[in-house]
């Protein structure tokens, strides 16, 4: 019997195999968290935060989150309701994350409210700041909305790799090569006040975008100054 990608057996077992592969793969890459003392202290104290990264840098922070938050409340992520999103959500659940399903076009507000509820109960959350479809390295409003409603600071993160592959995808996704040193760069906590709405939302969005892009530029020269 030919096993197609949409076959129930494939859809059941592929995420399990993929999550194990991610763990084995990134265990070969030595490194850890570096950066803002205030940001690292929030992580060590297991304080609820909203991790925000560009879509191209999601893989390593997710792996390290499973290490640093192993003893605390599960981290909460958002995945799109597409077929690819469902596959990624299944991998994330196998890695130990809680997943809320939604996107800019379908169920996004409901998913953000669900994540805010988890944050109110002590969970940290994570979002791709530029969303699941981009444009790349442009902050979408959802991350500001969630931080405001959940009343938690945004913690910008980026991934630096000594050796990597950069894919020709919309986000220019970066994959660390096996045995390559990597570092997850942690920026300064970025508080979002209750007044960050309407006309006041755009300056907040631009400031977060600037911070993430500065961290991204640091990641590109971290091992190769």
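Bear in mind these aren't lab numbers, they're just calculated from the coordinates by the rules spelled out. On a predicted model such as this, the values are computed, not experimentally measured, just so you know. Cβ: placed from backbone, ideal geometry, glycine included. Neighbour counts: every protein chain shown.
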Next item on the list: Nearest 5 is fine: what % of DSSP beta bridges in the chain come out antiparallel, could you say?
Entry: 30
Margin query: Just to be sure I understand the model, the point goes 7 Å from the Cα along the line to the Cβ. What's the resulting residue 71 to residue 180 distance in nm?
Written below: 3.2
Margin query: Given an 8 Å cut-off on Cα distances and at least 6 residues of separation, report the relative contact order of segment 66-225 as a percent.
Written below: 19
Checklist line | Sorted by Cβ density within 10 Å, fewest first, the residues 167, 222 | finding: 167, 222
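Give me 41, 209, 86 sorted ascending by neighbouring Cβ count inside 10 Å, so fewest comes first.
Ascending number of Cβ neighbours within 10 Å: 41, 86, 209.
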Item checked: Binned Cα-Cα distances of segment 164-225, short to long, each 10 Å bin given as a whole percent -> 17, 38, 27, 15, 2
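Is it possible to state the helix-based mean residue ellipticity at 222 nm for the chain, with each DSSP H run of 4+ residues giving -39500 (n - 2.57), the sum divided by total residues, to the nearest 500 deg cm²/dmol? What is it?
About -13500 deg cm²/dmol.
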Checklist line | Which label in (i) 65, 38, 27; (ii) 42, 40, 33; (iii) 58, 42, 36 gives the computed Cα extents along the principal axes in Å | finding: (iii)
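Of 64, 57, 224, how do they rank once you tally other Cβ atoms within 10 Å and put the fewest first? Spell out each step's value before the answer.
Values: 64 20, 57 25, 224 8.
With the fewest neighbours first, 64, 57, 224 line up as 224, 64, 57.
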Item checked: Pairwise label distance in nanometres, residue 121 with residue 202, each label 7 Å out on the Cα-Cβ vector -> 3.8
